[in-house]
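Below is one structure, written out as structure tokens, with a few remarks after it.
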Amino acid sequence: MSILVTGGAGYIGSHTCVELLNAGYDIIVLDNFSNSNPESLQRVRQITNKSFKIYDVDLLEREKVEMVFEENHVEAVLHFAGLKAVGESVSIPIDYYQNNITGTLVLLEMMARHKVKKIVFSSSATVYGANASVPIIEDSPLGATNPYGSTKLIIEQLLNDVYLSDRSWGIVILRYFNPIGAHISGEIGEDPKGKPNNLMPYITQVAAGKHPRLNIYGKDYPTHDGTGVRDYIHVVDLATGHIKALEKVLSGKGIGAYNLGTGTGISVLDLVHAFEQVTGLNIQYQILDRRPGDSATCFADPKKAREELGWEAIKGIEDMCRDAWRWQSKNPNGYKKVDIVSI
Ligand code: NAD
Ligand code: UD1
């Protein structure tokens, strides 16, 4: 019996693979490497000293996805595979709907056909829209402000409908807040293509001298220092949340959505200062106008995950900064491009 991890070569998927293997699960990774590199999986093997099957398959390739289910005894699926860049989703919405929604439809069709009715899905706090009141509870009104967010909302609805049609499914929807940091080994981490859009990889690249300064988008928000406040969560805490979610779907039927966040709001300047303190480095920055679509404050109420999954984040902002910097310093240019056949 194996756990199928779609998108397992990506940032969050690779960290979750490590936790799954360390917890004793057999895993199979399916990824098309459109936003990742097989080297992350090679490093997962090194960190854990365990081996696993890798399928270089696109979820849109129906026959190949079916083959994965035919060749393996899949017990449950952790579904990370998807495109995730908000700005890009506005430019190429058709690709986002096609990849994220059709990809999920193919996966669910094959799961149903092979009687694999247990899935943990990677959703996002973006489903709460831009005006949710904080701390955000799972019952807050939902809404999307961009095509990426719409794909997450539609997939959540799809999963609800699947459950309503067949109550023998076990489904957990995880709404991540802002994952940052890296595995403590510094061997796996976030490897953005091109200039990063998100705050933490931009800070680490400024620290590494790749950009002259950080642009801070807005200092006139109604927050304690005027900069945007978010709920940053260590990616390893997020990964352990998936182990708890997997235990939940393996132990029974039902559907539930859970916030994975720390419950603590951290501003852009708080994060910059924490990073400077932990690393002893100086981060140059300039204040620019607000970034369109950003909200002032977004942080989770993580109570439901604590009570129903038995999970809570344990790593602090210093761990997140230290581990992000270790990854960046050990891998100044990210992963080396390796061929799938060589690993
Ligand atoms: P990532 O891009 O690093 O990983 C996604 C992986 O999926 C990549 O390895 C990519 O190659 C693969 N993939 C994409 N489309 C595929 C397809 N059609 N078939 C097979 N593989 C495919 O992203 P991540 O940060 O690890 O995010 C994982 C999931 O979590 C995504 O669904 C993302 O939307 C969601 N999420 C991420 C964040 C975040 O801040 N990183 C926040 C909220 C939700
Ligand atoms: C963004 C996405 C969200 C996605 C998440 C993780 C938007 C509107 N939201 O969240 O859907 O789930 O990334 O991929 O894009 N900031 C700067 N300078 C920078 C980068 C960011 O000041 O160079 C600020 C932002 O204004 C924000 C905070 O840092 O206040 C965090 O930004 P970011 O890391 O991009 O995450 P979100 O915007 O919260």
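Computed from the coordinates by the stated procedures, all read-outs in this text should not be read as laboratory data. Note that the structure is a prediction, hence the values are computed from the model and not measured.
Students often forget the sequence filter, so: which lysines lie under 18 Å Cα-Cα from K64 once same-chain residues fewer than 8 apart are removed?
Within reach: K53, K115.
Between G261, G252, G189, find the one with the highest GNM mean-square fluctuation for the chain; connect C-alpha pairs within less than 10 Å.
Greatest mean-square fluctuation among the candidates belongs to G252.
Roughly what angle does helix 268-279 make with the longest principal axis of the chain, taking Cα atoms, 0 to 90 degrees, to the nearest 10?
Rounded to the nearest ten degrees, it is 90.
Measure nothing fancy, just the Cα-based angle from helix 11-22's long axis to the longest principal axis of the chain, in degrees from 0 to 90, nearest 10.
60 degrees
Across region 205-247, how large is the tail of the calculated P(r) beyond 16 Å, expressed as a percent of all Cα pairs?
Details: 582 of 903 pairs.
In whole percent, the long-distance tail amounts to 64.
For region 125-132, in order, what is each residue's ³J(HN,Hα) by Karplus, 6.51 cos²θ - 1.76 cosθ + 1.60 with θ = phi - 60°, in whole Hz (x at glycine and Pro)?
Each residue of region 125-132 in turn: 4, 4, 5, 8, x, 9, 10, 5 Hz.
Quick one, can you get me the convex hull of the C-alpha atoms of region 67-149 expressed as volume per residue in Å³?
Considering the Cα atoms of region 67-149, their hull volume per residue is 109 Å³.
I233's amide H: which non-local residues (gap 5+, or another chain) put their own amide H closer than 5 Å, with H modeled 1.01 Å from N in plane and none for Pro or chain starts?
N178, I180
Can you work out the Karplus-derived ³J(HN,Hα) for every residue in region 206-213? Use 6.51 cos²θ - 1.76 cosθ + 1.60 with θ = phi - 60°, whole Hz, and x for glycine or proline.
Result, rounded to whole Hz: 5, 4, 7, x, 7, 9, x, 7.
Pick from V68, V172, V77 the residue whose mean-square fluctuation is largest in a GNM of the chain, springs joining Cα atoms under 10 Å.
V68
Restricting to the chain, what percent of DSSP beta bridges are antiparallel, rounded to 5?
DSSP beta bridges in the chain are roughly 5 percent antiparallel.
What's the center-to-center distance, using Cα atoms, between region 4-30 and region 242-311 in Å?
21 Å
Please report, in cubic angstrom per residue, the volume enclosed by the convex hull of the alpha-carbon atoms of region 1-99.
Dividing the Cα hull volume of region 1-99 by its residues yields 89 Å³.
On average over all directions, what projected area in square nanometres does region 182-232 have, based on the convex hull of its Cα atoms?
Its average projected convex-hull area is 4.7 nm².
Return the long-range amide H neighbours of F299 (sequence gap of 5 or more, or a different chain), with a cut-off of under 5 Å between placed amide H atoms.
I136
Consider just the alpha-carbon atoms of region 51-195 and return their Rg together with their Dmax, both in angstrom.
Cα-based Rg and Dmax for region 51-195 come out at 16.4, 47 Å.
Return, for the Cα atoms of the chain, the radius of gyration and Dmax in Å, separated by a comma.
According to the Cα coordinates of the chain, Rg and Dmax are 19.2, 56 Å.
So what are the ³J(HN,Hα) numbers for region 238-246, from phi and the Karplus equation (6.51, -1.76, 1.60; θ = phi - 60°), rounded to whole Hz, Gly and Pro as x?
4, 4, 5, x, 5, 5, 5, 5, 5
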